[in-house]
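Below: one structure, written as structure tokens.
The values are calculated or read from the model by the stated rules, or taken from the named source; none is laboratory data. The structure presented is a predicted model; accordingly, all values stated were derived computationally and were not measured. Note that we place each Cβ from the backbone using ideal geometry, even for glycine, and neighbour counts take in every protein chain shown. With ligands, DNA and RNA removed, areas are computed over all heavy atoms of the protein, side chains included. Shrake-Rupley method; radii C 1.70, N 1.55, O 1.52, S 1.80 Å.
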Amino acid sequence: MQNRLRTAVLALFVAGLALCLATTALAQKKTRVTIGATETMETHNPYGDSVALLYGIYTELAGPLCKYNWSNGSWEPRLAKSWKVLDPNNWVFELDQRYTFNDGSPVTAHDIVHSIWRIFNDPQSKQKASVARPVKEAKALSDFSVQITTHKPTAPLLDFLCDGLIITSKAAYDKYGPAEADRKHHLGGGPYELVELVQGQRMVIRKRPDHPAMSRNPNAPDEVVFRVMRETEQRVAALMNNEVQVAQLIPPHLMKTVENSPRHKIVKIQSLVIMFLGMQPKPPFDKKEVRQAVCYAIDRDKIIRTLLQGQAQRLDGPLGPGQLGYNPNLKTRYTYDPKKARELLTQAGHLGVEVELQTPVGRYILDKQVTEAMIPMLNAAGFKAKLRTPEWPTLWANVQKGKVPFFYMGRGGVLDPSSAFHQYFRKGGSPRIGFSHPDIDAALDKEQQEFDPKKRNEYLSEAMELITDMAPACFQWRHEFLWGMSKNIDYQPPADSRIYGMDIKVK
């Protein structure tokens with residue numbers, strides 16, 4: 001009897017040990033990738049900010065209607081399995097019925113309509129001037145079919161909606177209200193779900209392994225952690241110590257440090273992020289001559305050659321090669337010409353005018369250093385310029401409210417420029433620059449209403465010519481982004497600088 005009992009206990013012990021080992025092995029298979037990022041994460045509200053990092057994260061949590069495939073240059077289905085243009089003002093999107101929110105409920109056309117409504121009606125929404133601006137009405141034709149009606153014909157509608165429309169649950173909103181739904185009951189239809197958001201510090205998302213999109217990359221990490229690290233040295237040190245496996249925006253002077261590590265590598269990508277000096281049309285920048293003087297005052301080639309060590313491409317207008325509407329033969333060009341800048345300031349009656357340039361610190365590659373180099377250039381051209389370096393959250397909040405007359409910043413992910421330049425340079429756009437002109441408005445309306453690609457490109461070029469001449473912004477360069485990574489990470493960052501967990505492979 002005792003032998004049988006002893007045998008039974010031993011068998012139970014062996015079974016328990018096997019189960020424990022199996023559970024441990026399973027746990028060991030789970031992968032976590034931590035990313036050192038430079039942007040802020042300040043809100044649980046998916047519509048409450050307008051920065052590239054959060055767009056990327058929230059669309060991955062929510063599941064966008066469609067996503068741009070950088071390898072073949074086309075929009076590919078996600079929540080929407082197909083779409084068609086009924087007429088120039090009406091589009092119909094058919095939803096893929098396999099997609100569900102992370103509580104198991106289906107993503108329906110009613111959620112699409114709700115999400116567009118929320119962009120316009122949520123008091124915290126920062127996306128009214130960009131994502132859904134062309135939309136006049138959204139209505140559900142059935143549970144899985146939605147019709148979008150635009151105010152005017154909008155050929156690049158996919159660039160507006162697929163790139164930035166974040167789909168949230170109407171049922172959760174109705175049941176819990178916006179604050180509680182966003183913070184405690186975050187439902188998304190994307191391949192990841194929200195685990196934690198500590199505002200200003202980190203965001204943790206977890207893979208939904210049974211999600212339809214995960215079939216594209218079964219080796220995507222189980223968890224992705226985004227940590228805010230604005231100090232360059234902090235990101236590089238964290239990478240070298242394996243605290244993070246991906247570090248965003250490695251500056252050129254630290255590239256060799258990463259490359260010389262046997263456990264790390266540098267991945268380069270020519271970005272589509274447009275770096276510029278924005279000028280609101282308030283004195284003295286209400287005069288075109290003053291704005292043009294700023295453009296002539298900056299020696300972009302010298303900054304690229306020295307501080308950026310050649311890791312940037314100069315912009316002679318709002319766009320560069322590979323972007324729709326790019327015209328290498330713009331009539332208006334701003335070469336480095338401090339004499340010309342001084343003449344323009346004199347002509348405007350503003351020689352010696354005091355200006356304050358505001359810049360982020362650690363948000364972009366060497367942002368403080370390049371703007372520090374601009375100050376003596378501006379002064380040599382006849383300005384009395386000084387630099388101000390507020391904290392990024394403060395600066396960004398004030399720029400979005402139109403409270404910063406002169407600033408250095410980037411506009412991310414500009415492939416089709418329609419959305420970006422309607423946002424910045426058209427009447428009724430965002431107050432970030434707050435500039436508009438009837439000729440630019442007319443040119444931007446023409447390009448947006450033209451469905452013929454060749455003609456539309458011509459209209460885009462026309463708009464870019466006008467924007468360059470009127471100079472509400474001085475366009476500087478597009479960085480070649482340097483990403484630091486552990487060698488067991490296989491990831492090709494997209495040119496829009498967003499970070500998508502489902503595209504990361506862990507070897």
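Residues being within 30 Å of residue 228 (Cβ to Cβ), open to solvent by 20 Å² or more (accessible area, probe 1.4 Å) and among the basic types (Lys, Arg) are represented in region 472-492 by at least one member. Can you pull out the residues in region 356-404 that are free of Cβ contacts under 8 Å to residues at least 24 places away in the same chain and either β-branched (Val, Ile, Thr) or crowded, with 22+ Cβ neighbours inside 10 Å (or both)? Matches in region 356-404: 375, 394.
Of the residues 314, 333, 305, which is at pLDDT 95 or above and under 30 Å from residue 159 (Cα atoms)? Spell out how you get there, then give the answer.
Values: 333 fails: at pLDDT 95 or above; 305 fails: under 30 Å from residue 159 (Cα atoms).
Selected residue: 314, the only one of 314, 333, 305 that is at pLDDT 95 or above and under 30 Å from residue 159 (Cα atoms).
For region 436-491, name all the residues that are among the acidic types (Asp, Glu), under 24 Å from residue 315 (Cα atoms) and not in a helix (DSSP H, G or I). Within region 436-491, just 480 meets the criteria.
Please go through region 391-444 and give me each residue that is among the acidic types (Asp, Glu) and modelled with pLDDT of 90 or more, ordered by number.
391, 439, 441
A residue that is in contact (Cβ under 8 Å) with a residue 24 or more places away in the chain, in contact with a strand residue (DSSP E or B) (Cβ under 9 Å, 6 or more places away or on another chain), in a helix (DSSP H, G or I) and buried (at least 18 other Cβ atoms within 10 Å of the Cβ) cannot be found anywhere in region 71-88. Could you run through region 89-106 and say how many residues are of a type outside the set (D, E, K, R), under 18 Å from residue 214 (Cα atoms) and either surrounded by fewer than 17 Cβ atoms within 10 Å (Cβ to Cβ) or touching a Pro at 6+ places or on another chain (Cβ under 9 Å) (or both)? Adding up the residues that qualify gives 6. Any residue at all in region 298-313 that's farther than 20 Å from residue 251 by Cα, without any contact (Cβ under 8 Å) to a residue 60 or more places away in the chain and surrounded by fewer than 17 Cβ atoms within 10 Å (Cβ to Cβ)? Within region 298-313 (the criterion being farther than 20 Å from residue 251 by Cα, without any contact (Cβ under 8 Å) to a residue 60 or more places away in the chain and surrounded by fewer than 17 Cβ atoms within 10 Å (Cβ to Cβ)), the answer is no, since none of the residues qualifies.
Can you name every residue in region 331-355 that is among the aliphatic types (A, V, I, L, M) and open to solvent by 20 Å² or more (accessible area, probe 1.4 Å)?
Here is the first cut: in region 331-355, the residues among the aliphatic types (A, V, I, L, M) are 341, 344-345, 348, 351, 353, 355.
Once the filter is applied, which keeps residues that are among the aliphatic types (A, V, I, L, M) and open to solvent by 20 Å² or more (accessible area, probe 1.4 Å), region 331-355 yields 351, 353.
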